[in-house]
Amino acid sequence: MKRIAVINGPNLNLLGTREPDVYGHETLKDLEAGLAGLAEELGVAVSFFQSNHEGEIIDHIHGLRGEAAALLINPGGLTHTSVSLRDALSGVELPVYEVHISNVHSREEFRHRSLVSGVAVGVVCGLGLRGYEYALREAAKHVG
Ligand code: CA2
């Protein structure tokens, strides 16, 4: 069965505990449980990883080579700053789906630029946690 890796970057472990007006009421565990159910329906395997450390995320991405068929990533604040994350994503040669819970374009100017989008198949933003579901459906179609 093809595997799709879901990666959440810095501070996304706080989902559901703060800033509910921006990030909603669901926790990271709720999100992962929902995606696991959807993956089952779609007939793909899914793995989850969250870290607040850039290097750990990059190491995880390196480890996906040969293990995963596609990856979904919400890189958190690293979206706007990390050349190293972008390089890891382009180096792993997997289809990348970038997800943001909030509409980054209606927020502060520094969130308008993503270093990741240029190496992504597609980007979903502003649709809350549903954005992960849409991206998972697309990724499953792509790898199926
Ligand atoms: O909208 C998104 O998903 C973001 O990737 C979230 C990042 C932010 O830096 C990006 O510009 C957009 C921040 C993640 C922080 O997550 C929290 C969740 C709950 C409470 C506090 C922070």
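Observations on the structure shown:
- Boolean, N8 is within 16 Å of the ligand (Cβ to nearest atom), over 13 Å from the mean Cα position of the chain (by Cα), surrounded by 14 or more Cβ atoms within 10 Å (Cβ to Cβ) and of a type outside the set (G, A, S): no
- Exactly one residue out of E26, E98, E32 is surrounded by 22 or more Cβ atoms within 10 Å (Cβ to Cβ), among the acidic types (D, E) and within 16 Å of the ligand (Cβ to nearest atom), and it is E98.
- Scope region 52-75; condition buried (at least 22 other Cβ atoms within 10 Å of the Cβ) and of a type outside the set (A, V, I, L, M); matching residues: N74, P75
- Beta carbons closer than 8 Å, at least 6 apart along the sequence or on distinct chains, pair a first residue in region 33-55 that is under 11 Å from I7 (Cα atoms) and hydroxyl-bearing (S, T, Y) with a second that is part of a loop (DSSP other than H, G, I, E, B) and at pLDDT 95 or above for S47/A68; S51/G9; S51/P10.
- The condition of being acidic (D, E), more than 13 Å from the ligand (Cβ to nearest atom) and touching a Lys or Arg at 6+ places or on another chain (Cβ under 8 Å) holds for only one of E138, E41, E93, that being E93.
The values are calculated or read from the model by the stated rules, or taken from the named source; none is laboratory data. Treat the numbers as computed from the prediction; the structure is a model and nothing was measured. Neighbour counts run over all protein chains shown; Cβ positions are idealised from the backbone, glycine included.
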